[in-house]
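*Asks:* Mind having a look at this structure? Questions to follow.
What follows is calculated from the coordinates using simple rules that are stated; it is not laboratory data. Remember, predicted model here, so these are calculated numbers, not experimental data. For neighbour counting, all protein chains shown are included, and Cβ atoms are generated from backbone atoms with ideal geometry for every residue, glycine included.
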Amino acid sequence: MTDAILLFENTQPTSLESIRVLRQSLSKILDQLDLQQTFKHQCLLCFSEWCTNLVLHPDKQSLHFTVTLKKTKTHWQLSVKDDGEPWDPTLKEKQNDIGDFSLKCNGRGIDIIQNQTDDISYHSTKKENVFTMRWTREGEQRRPHLLIVEDDVIQSTLYQAYLREQFHVVIKANGEDALNFLKNETVDLIISDIQMPKMGGLELRQRLESENTFSIPFIFLSRLQDNNTLMDAADLGIDDYLEKPIKKETLIRSILRVLARFNQVYRSLSQQVNQKITHTLLPQVTLNSSDWKLAIRQRNTGHGGGDFVLSMSDENTTQLLLADVMGHDESAKFFAYAYAGYIRGLMQSTKRSQPAQLLSVLSDNAFNDQLLSQTMLTSCCVSLTSESSVKLSSAGHPAPLHIKKSKPTSQASLTTISTEGTLLGLLPHTQYKETEVTLQKGERLVLFTDGLFESGNSISERETLEKAIKEQLINTINLPLETAIETVMQTFDSLAGTPPNDDALLLIIEKQ
């Protein structure tokens, strides 16, 4: 997108405890974004390195620092703002040898940051210093995550060479290491040797099964082909058993078959409840005012989807909440269903004219609720009055667009409305800002989830999609609203494909 989307922003006293709290929040966001683990670790490492320097090493320590995480079309961007002693790390010559992991500014801490980021910049004024780190956004078509448990280094290196083009692969040397990894990470498939030190494959499978949370497909690898081993493996309900040595084609064919079968069974089991949930999440917006008209269209990936819109009206004001639960699968739809019911209750108990209040209450509840805290959602809340005024508040959501008509030619122009706020539920007592916009007759306000512009596999595809949709929003300003939104979505379908690779919801509001 043209403008960056704010995902997280928080100010804390300059202390090691603040670093711990903020690191936890950043880690939760990065987990929900389903990014490659390499980037997550780079981001958290660089954050810890820089902020620890701010706490331990300056002669004049800052009183507070502010951490901001944003997403642009091309980059992930992490900024740290402080009011202490300035020190520009970009002036330090980059070192390729980062063996000394000292945190000091004149040591290797800055070398670590330089080597773990794609770009850094530093800006200092009399009042504050801002250090910004950037990472290039790769093509985000998700690859299945595989965990390979193998103690033979040569074999594990070979498997990684076989699979790295099609899959995201993590290697662990034994069952104990695999269990520790799975405490904090999720994978789509486990491939495990049977005979290993510390903990073999059979015991690993048994331990995971005993936790009653294990539903990940499992493939065993072994040179052992005796009947007892085969029967033990079969009793554990594994999905495949491959005899070493294994050819590349055999391994990939087995992985694809097991994943396809697992997804087929998973979708079949969830289909009935999924249909009921889908029906309840269909946009059902009512307006009690003749001053406004709106149109809604929605697309999803075909595997669940977590985009929804809710409304609540009284005599003078209609409040709309557009939300996007992170994730593209059935679990995203389940959490959307849970959130939707929760939010309906909150909308009834908060003032329709104060969207920021609703987001603050929702954020606190999401932070404290055991179920809702398992995922995150972006949200944009709008309050429409009976006049021409619109109030907006945002939480990690794409900025709305304002389509204006220029007199006397009736040519349209499109501007981005500056409203942003951190994602819901990350920290307690989060406050949100309100932006007020005035619409003249015939002007339109466009709200959308990020899939409308981001249903592309590369930066160039996303840029093409965004440009085409914005052009259609401008070109259709003089068409009836329903015709206009259909035209826009036809453009989306032609470029993003059917189904798209991300959920998308478009809501257009027109001043009458």
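*Asks:* Quick one: if the Förster radius is 25 Å, what FRET efficiency do Thr286 and Leu479 give, using the C-beta to C-beta distance and rounding to 0.05?
*Replies:* 0.60
*Asks:* With the cut-off at 24 Å, tell me which of the pairs Lys73/Lys407; Lys60/Lys127; Lys70/Lys404 have Cα atoms farther apart than that.
*Replies:* Cα-Cα > 24 Å for Lys73/Lys407; Lys70/Lys404; rest within.
*Asks:* As a test of the formula, what do you get for the chain when each DSSP H run with n ≥ 4 contributes -39,500 (n - 2.57) and the sum is divided by the residue count, at 222 nm and rounded to the nearest 500 deg cm²/dmol?
*Replies:* -12000 deg cm²/dmol
*Asks:* For segment 291-433, state the semi-axes of the equivalent ellipsoid (square roots of 5 times the eigenvalues of the alpha-carbon gyration tensor), sorted largest first and rounded to whole angstrom.
*Replies:* Semi-axes, largest first: 27, 18, 14 Å.
*Asks:* Mind ordering 465-471, 64-70 by average Cβ neighbours within 10 Å, highest first?
*Replies:* Going by the mean number of other Cβ atoms within 10 Å, highest first, we get 64-70, 465-471.
*Asks:* Also: If you plug each phi of segment 505-512 into the Karplus form 6.51 cos²θ - 1.76 cosθ + 1.60 with θ = phi - 60°, what whole-Hz ³J(HN,Hα) values come out, in order, with x for Gly and Pro?
*Replies:* 9, 10, 10, 10, 10, 10, 7, 8
*Asks:* Please report the projected area of segment 391-512's Cα convex hull averaged over all directions, in nm².
*Replies:* If you wrap the Cα atoms of segment 391-512 in a convex hull and average its projections, you get 8.6 nm².
*Asks:* Once both labels are modelled 7 Å past Cα along the beta-carbon direction, what's the Ser386-Ile252 spacing in nm?
*Replies:* 6.6 nm
*Asks:* Right, next: Which distance in nm do the two modelled labels at Gln374 and Val170 give, with both placed 7 Å along the Cα-to-Cβ direction?
*Replies:* 1.9 nm
*Asks:* Once you have the Cα-Cα distance between Leu414 and Leu63, take 0.36 nm times their residue separation minus that, and quote the gain in nm to one decimal.
*Replies:* In short, 122.3 nm is gained.
*Asks:* Out of segment 369-463, which GluC sites (Glu not before Pro) are coil in DSSP terms and have no more than 12 other C-beta atoms within 10 Å?
*Replies:* Sites meeting the loop and neighbour criteria: Glu387.
*Asks:* Between His123 and Gln160, what length in nm is gained on full extension when 0.36 nm per residue of separation is reduced by their alpha carbon distance?
*Replies:* Once the chain is fully extended between His123 and Gln160, it gains 9.1 nm.
*Asks:* Related question: Taking the Cα atoms of the chain alone, what are Rg (to one decimal) and Dmax (as a whole number) in Å?
*Replies:* For the chain, the Cα-based Rg and Dmax read 25.5, 86 Å.
*Asks:* Only sites in a loop by DSSP and with at most 12 other Cβ atoms within 10 Å count here; which trypsin sites (Lys or Arg not before Pro) in segment 1-62 make the cut?
*Replies:* Counting only loop positions with at most 12 other Cβ atoms within 10 Å, the trypsin sites (Lys or Arg not before Pro) in segment 1-62 are Lys60.
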